[in-house]
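Beneath this line is the structure, given in structure tokens, with notes to follow.
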Amino acid sequence: LAKTTQPISMDSYEGQEVNITCSHNNIATNDYITWYQQFPSQGPRFIIQGYKTKVTNEVASLFIPADRKSSTLSLPRVSLSDTAVYYCLVGDAWGSTFIFGSGTRLSVKP
Amino acid sequence: DTEVTQTPKHLVMGMTNKKSLKCEQHMGHRAMYWYKQKAKKPPELMFVYSYEKLSINESVPSRFSPECPNSSLLNLHLHALQPEDSALYLCASSQREGGGNTIYFGEGSWLTVV
């Protein structure tokens, strides 16, 4: 199982772009990279998933370099409501175990 | 909005009680999970069910007993718990869709053992 490493915390201001990088040096060929957001007292919420290059949806972008040993979650123009813990998970297939790393606690200030 | 429903949202139980946490999903997913999360810590995997069969038990004490009655339901039976078992218990489900595997979480059940 690929282990992930993220910064413990990050601070930002409203309206800024935030980039959170995750390191996963022993990612396997079949592994996908998935990011989750978690607010206090709630279950983690799916943000975005990718395999390689760049993926974009209505809330975020995910950049994955060719070697796939890291990935970067990009949140455009954050607001106070984006204050949360962000987890990067690496996993594969059917019924595989998704192990959470320590996550990144993002604090957005006015 | 999550499509994984957990009940109850809050549960207080004594160390000699027997109680159950319930989880339901109607997304047709065939893998279901239990995670335990302590305050300010990441979720820790407890059990994984695939096609209603227990496939992974992460060395969880026997006072936690999972059950998967059918493909939509997942229970966690609790007996003789300790105060340190107090935590947020998260249920999740997943279905492989064209590659990759996204897990969808419920809102969790807060458990307090007194």
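Readers should treat all values here as calculations from the given coordinates under stated rules, not as data from a laboratory. Keep in mind it's a predicted model, so treat the numbers as computed, not measured. In this analysis, Cβ positions are derived from the backbone assuming ideal geometry, glycine residues included, and neighbour counts consider all displayed protein chains.
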Length added when fully stretched, residue B:62-residue B:18, from 0.36 nm per residue minus Cα-Cα
14.5 nm
Could you check the simple spin-label distance between residue B:84 and residue A:28, using points 7 Å along Cα→Cβ, in nm with one decimal?
3.1
Would you mind ranking B:36, B:53 by Cβ crowding within 10 Å, fewest neighbours first?
B:53, B:36
Alpha-carbon Rg with Dmax, taken over the protein assembly as shown, Å:
17.6, 54
With no solvent and one point per C-alpha, what does the Debye sum give as log10 I(q)/I(0) for chain B at q = 0.15 Å⁻¹?
-0.60
For region B:1-47, what Kirkwood radius comes out of the mean inverse Cα-Cα distance, in Å?
12.9
Calculate the radius of gyration of the Cα atoms of region A:13-67 to one decimal place, then report Dmax, the largest Cα-Cα distance, as a whole number, both in Å.
12.8, 37
R0 = 41 Å: FRET efficiency of residue B:54 with residue A:17, Cβ-based, nearest 0.05?
0.40
Within region A:22-62, which trypsin sites (Lys or Arg not before Pro) sit in a loop by DSSP and count at most 15 neighbouring Cβ atoms inside 10 Å?
A:52
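Can you list the equivalent-ellipsoid semi-axes of region A:36-101, largest first and in whole Å, using the square root of 5 times each Cα gyration tensor eigenvalue?
Its equivalent ellipsoid spans semi-axes of 20, 17, 9 Å.
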Segment residue B:110-residue B:3, extension gain: residue separation times 0.36 nm, minus the distance between their alpha carbons:
36.7 nm
Pull up the cross-link candidates among the lysines for residue B:41, meaning alpha carbon to alpha carbon under 22 Å and not fewer than 8 places away within one chain.
A:3, B:9
Taking only the alpha-carbon positions of region B:36-102 and ignoring solvent, what does the Debye formula give for the base-10 log of I(q)/I(0) at q = 0.16, 0.19 Å⁻¹?
-0.62, -0.85
Just round it to a whole percent: the fraction of Cα-Cα distances in chain A exceeding 21 Å.
31
Place a point 7 Å from Cα of residue A:10 in the direction of its Cβ. Which residues in region A:58-83 have their backbone N less than 19 Å from it?
A:58-66, A:68-83
